[in-house]
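Presented below is the structure to which this report refers.
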There are 2 protein chains.
Amino acid sequence: MRCIRCKAPANVEVRRHRSAFCAACYPGWFRNQVERTIADEGMFNRDQRVLVAISGGKDSLALWHALLELGYSADGMYIRLGIGNYSQHSQAAAEHFAGKRGLRLHQVDLKEEYGFVVPQLRNQREGKPCAACGTVKRYHFNKVAVDLGYDVVATGHNLVDEAATLFGNVIHWQTDFLGRQGPVLESTHPKLARKVKPLYRLAERDTAAYAVIERIEYILEECPMAVGAKSLEYKDALNALEERQPGLKHRFLVGFLRNGRQAIRSAAPVEIRECRECGQPTTGEVCSYCRMRERKRRQLEARKAAAG
Amino acid sequence: MRCIRCKAPANVEVRRHRSAFCAACYPGWFRNQVERTIADEGMFNRDQRVLVAISGGKDSLALWHALLELGYSADGMYIRLGIGNYSQHSQAAAEHFAGKRGLRLHQVDLKEEYGFVVPQLRNQREGKPCAACGTVKRYHFNKVAVDLGYDVVATGHNLVDEAATLFGNVIHWQTDFLGRQGPVLESTHPKLARKVKPLYRLAERDTAAYAVIERIEYILEECPMAVGAKSLEYKDALNALEERQPGLKHRFLVGFLRNGRQAIRSAAPVEIRECRECGQPTTGEVCSYCRMRERKRRQLEARKAAAG
């Protein structure tokens, strides 16, 4: 197999595009894909400031790297979630990436600033903090972006992430979520940042290849809290089907964005107001982040009372 | 584990209902489920004549058996598809079931009456005749029902059949099909029979248990043409997810019927007219069955010409 650009022996194959590239040409192809997605979806331009949500994994660091190479103004943001070794390693990867290149990396430390860590947020029914962790991340990425005047928050969600989320929403017919899923979430309130997913058309192995070739030091560990999460089960199911029907994930997601989404009657647009407790945007009186913290506080008090 | 009705040792467990039954009580439970589905969906009543589509497998024979036990007026219909041993065995099972009980079984013989068999209808791209076979079955079940004045055609589609069809339509965002999928398809033309699926809430193992306990001699073979069919891949994917999330197929299908279907804008209702060739109902000038036969006829002529 030869690189379709320079005819040198190929290192990376991209089957769904019937293409292959050598290690010298691949990063250019990858960044072209990112650039085209940004342009096609009108995500942002070079005059705007982008805040990249960084986990320390391949997708978020590949995204940050590609945006900088493409000449965008992009800072990073990392949240210290307090998930043991996983968090220590991912923080180190994020700081190493930023430090080596002299980049700005904002950080929020849940334990120091808010007095809790993610493993304390386990849901009683499922025993997993994944849903609560999502709330934490959305809250802080949004707050920092708005407070510091970024135009947009970019996340590293890739094709299988998006397809698995879509799959979960379809399996449970969450028609409200379906009406709102997409690669660009517009801001509908001054305190709500615009959110974009420039890697949503790229496969997991595409970003892994980019990260490896560009010598990005990312952590390979998956979050230990996510083991057995439903989202991973949906990914497994889609990956198994993809083996037998190559291109299935892409067709599923793109078909939804082109046909499915329009066909689904979205619920009336939700009214956004400011949380009574923290002032952040919410659809209720009190935002889900404040409600979650209040539940946690009461639990801890009850435990103290029982122990004392 | 004990039977929830008579406390005898249980033979059949129905996990999603948290129930178990002995072999004496199980058939009553199964028929209650069928009766409740028929009533809930207004499928038919005891004054109407039902034509049951018979394949010779467990689902169609269990359905026919249950309808008769419940006091409905139900005849059977079998199509000789000409799929080698599989068709011979399934025809024998259908005839044996009807003969033993003195029931009326209508039959259509494709080879004798129309000059072709299903294995000749392989699609060039997929190498499978499954889609064409579906057209054949829909055509003849409908034609016989209307010609002989049956009020409704009942098929043995079970929960996983329906969930897999739904899954396939979702994966490809066939929004038109989605808008029309359901356990009852109303007649929209005098030559179009009403179609119902009384087993759509029952699992494959529920009908298998019923068929075994009621000593129904059905064929275990699956159609050899279907090996590798996409519908089977969707069933595998759903069954694998069900292992980890019990009840998932049921929630997926029922959630669609309750929420998803209404949320999907159905295309404008299709106008039904009569086929120019055969007079059967169609949305085009010529129905898909006649178009398929014409293609086949031309292929055979071209081959003869090439050979001669």
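The values are calculated or read from the model by the stated rules, or taken from the named source; none is laboratory data. Nothing here was measured: the structure is a model prediction, and the numbers come from that model. As a convention, Cβ positions derive from the backbone with ideal geometry for all residues, glycine included, and neighbour counts pool all protein chains shown. These accessible areas exclude ligands, DNA and RNA; they are computed on the full protein's heavy atoms, side chains included. Shrake-Rupley method; radii C 1.70, N 1.55, O 1.52, S 1.80 Å.
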> Within segment A:77-93, is there a residue that is in contact (Cβ under 8 Å) with a residue 24 or more places away in the chain, within 25 Å of A:E242 (Cα to Cα) and assigned to a loop (DSSP other than H, G, I, E, B)?
Replying inline: no
>> Of everything in segment B:171-193, what is hydrophobic (A, V, I, L, M, F, W, C) and more than 14 Å from every other protein chain (Cβ to nearest Cβ)? Give them in sequence order.
In response: B:V184, B:L185, B:L192, B:A193
>> Out of everything in segment A:263-303 that is within 14 Å of another protein chain (Cβ to nearest Cβ) and in a loop (DSSP other than H, G, I, E, B), what residue ends up being most open to solvent (accessible area, probe 1.4 Å)?
In response: A:R265
> Just for segment B:194-230: of the residues that are within 14 Å of chain A (Cβ to nearest Cβ) and open to solvent by 60 Å² or more (accessible area, probe 1.4 Å), which one is farthest from B:C22 (Cα to Cα)?
Replying inline: B:K230
> When you go through (1) open to solvent by 30 Å² or more (accessible area, probe 1.4 Å); (2) within 30 Å of A:N239 (Cβ to Cβ) one by one for B:R101, which number turns out not to apply?
Replying inline: (2)
> Which of the following residues is part of a loop (DSSP other than H, G, I, E, B) and within 30 Å of A:P129 (Cβ to Cβ): A:G56, A:G42?
Replying inline: A:G56
> Residues A:E233, A:E242, A:E301: which one is among the acidic types (D, E), modelled with pLDDT under 95 and under 20 Å from the mean Cα position of the chain (by Cα)?
Replying inline: A:E233
>> Only one of A:W29, A:W64 is of a type in the set (F, W, Y), surrounded by 23 or more Cβ atoms within 10 Å (Cβ to Cβ) and either farther than 12 Å from A:P198 by Cα or under 26 Å from the mean Cα position of the chain (by Cα) (or both). Can you tell me which?
In response: A:W64
>> Please count how many residues of segment B:232-244 are out of contact with any Phe, Trp or Tyr (no Cβ under 9 Å at 6 or more places or on another chain) and either more than 7 Å from every other protein chain (Cβ to nearest Cβ) or assigned to a strand (DSSP E or B) (or both).
In response: 5
> Do we find that B:Q91 is farther than 26 Å from B:A203 by Cα, touching a strand residue (DSSP E or B) at 6+ places or on another chain (Cβ under 8 Å) and open to solvent by 20 Å² or more (accessible area, probe 1.4 Å) in this structure?
Replying inline: no
> Counting only residues that are of a type in the set (A, V, I, L, M, F, W, C) and modelled with pLDDT of 95 or more, which one in segment A:13-26 is surrounded by the most Cβ atoms within 10 Å (Cβ to Cβ)?
Replying inline: A:F21
> Counting only residues that are within 8 Å of chain A (Cβ to nearest Cβ) and either surrounded by 14 or more Cβ atoms within 10 Å (Cβ to Cβ) or within 21 Å of B:G134 (Cβ to Cβ) (or both), how many does segment B:246-261 have?
Replying inline: 7
> Looking only at segment A:207-230, which residues are within 16 Å of the chain's Cα centre (by Cα) and part of a helix (DSSP H, G or I)?
Replying inline: A:T207, A:A208, A:A226
> Here are some conditions: (1) surrounded by fewer than 18 Cβ atoms within 10 Å (Cβ to Cβ); (2) within 21 Å of A:V196 (Cα to Cα). A:G57 meets all but one. Which one does it not meet?
Replying inline: (1)
>> I'd like the full set of residues that are in contact with a Cys (Cβ under 9 Å, 6 or more places away or on another chain) and of a type in the set (A, V, I, L, M), limited to segment B:101-149.
In response: B:V118, B:L121
> Inside segment B:124-154, can you point out the residues that are open to solvent by 10 Å² or more (accessible area, probe 1.4 Å), within 17 Å of the chain's Cα centre (by Cα), modelled with pLDDT of 95 or more and aliphatic (A, V, I, L, M)?
Replying inline: B:V144
>> Quick check on my filter: what residues within segment B:155-189 are open to solvent by 50 Å² or more (accessible area, probe 1.4 Å), over 17 Å from B:V254 (Cα atoms) and assigned to a helix (DSSP H, G or I)?
In response: B:D176
> Among (1) in contact (Cβ under 8 Å) with a residue 12 or more places away in the chain; (2) under 30 Å from B:F252 (Cβ atoms); (3) part of a helix (DSSP H, G or I), where does B:F97 come up short?
Replying inline: (2)
>> Based on this model, can you work out whether B:G71 counts as surrounded by 17 or more Cβ atoms within 10 Å (Cβ to Cβ), on the phi > 0 side of the Ramachandran plot and not in a helix (DSSP H, G or I)?
In response: no
> Just one of the numbered conditions (1) more than 30 Å from A:N259 (Cβ to Cβ); (2) under 19 Å from the mean Cα position of the chain (by Cα) is not true of A:F116; which one?
Replying inline: (2)
> Looking only at segment A:114-154, which residues are in a helix (DSSP H, G or I) and polar (S, T, N, Q)?
Replying inline: A:Q120, A:T135, A:N142
